[in-house]
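Below: the structure, in structure tokens.
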Amino acid sequence: MVNPKAFLAEGISTFALVFFGPLSVILSVVAFGDGLSIESIIMISLAHGSAIAFMVYAFGHISGAHINPAVTIPMMITRKIGIADGIGYIISQIIGAIIATATLKAIFPIIGEKVFWGAHGGPSELINNNLMSGLVLEMIFTFFLVTVIFMTAAHKKAPKSVYGAVIGGMVFLLHLIGVPLTGASMNPARSLSPAIMSGDAGLWEVQWMYWVGPIVGGIIAGLIMNYLYVRKSEQEA
């Protein structure tokens, strides 16, 4: 059943992630200078993890708070959400992300441009700028993100009082490790909107990595977790 209220919840939640997360990237440049210092990585990780945790608690009971096409697609494949609703979720997530980046661009036209309003620029020198290495890392990162989501939010026996904190904590961990490597996208909508707003050709050249990696990693995790654990818990409920 198509649920416009859930679509709006996804749009608002994704706006929050793509506003506060990239805003932390912009402010880290102001506070700690160009480049990635330990302080800036912690600041960026906390902002992304907190935004996800708070939105999961705020809208998890409305839409499930996917906030990510790489989460919605596995949910569609495992029939946790209908096709029409899933498409509506993804469109809402992308729209929310674009509006968030457009807002940042309007407020921070100069300092924000230095980091392309929080854009993901591809694999770093730490992995020799290798796109295949970046692709595999994004797959692994998203695999564990979606694993945590399925095993806390979707599993019938999981304690629902802590699932927002656990998911947000996983996002924090993945950013702590992943920001210096790939930028830690794990979310096609999060990567797409800065690329659109910046218009930078270099960002478009690596955009595929931030779609294929998260979606494939998310699907693998969703299928495994659903088949081995979640479906069994639903049958026993």
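Quick look at the values:
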quantity: Scan of the stretch 198-210 for residues that are touching a Leu at 6+ places or on another chain (Cβ under 8 Å) and either of a type in the set (A, V, I, L, M) or outside any loop (DSSP other than H, G, I, E, B) (or both), ordered by number; calculated: Val206, Met209, Tyr210
quantity: The one condition in (1) surrounded by 19 or more Cβ atoms within 10 Å (Cβ to Cβ); (2) modelled with pLDDT under 95 that Gly33 fails to fulfil; calculated: (1)
quantity: Meets criteria (surrounded by fewer than 23 Cβ atoms within 10 Å (Cβ to Cβ), more than 27 Å from Ala65 (Cβ to Cβ) and in contact with a Leu (Cβ under 8 Å, 6 or more places away or on another chain)) for Leu131; calculated: no
quantity: Tabulated pairs, the stretch 29-56, first at positive phi, second of a type in the set (Gly, Ala, Ser) and assigned to a helix (DSSP H, G or I), C-beta under 9 angstrom, 6+ apart or interchain; calculated: Gly33/Ser40
quantity: Residue within the stretch 63-85 that is surrounded by 24 or more Cβ atoms within 10 Å (Cβ to Cβ), over 29 Å from Lys232 (Cβ atoms) and under 18 Å from the mean Cα position of the chain (by Cα) present; calculated: no
quantity: Qualifying residues in the stretch 109-120 (those that are of a type in the set (A, V, I, L, M, F, W, C) and farther than 26 Å from Trp211 by Cβ) - the one surrounded by the most Cβ atoms within 10 Å (Cβ to Cβ); calculated: Ile111
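The values are calculated or read from the model by the stated rules, or taken from the named source; none is laboratory data. On a predicted model such as this, the values are computed, not experimentally measured, just so you know. Methodologically, a virtual Cβ is constructed for each residue, glycine included, from the backbone with ideal geometry; neighbour enumeration extends over all protein chains shown.
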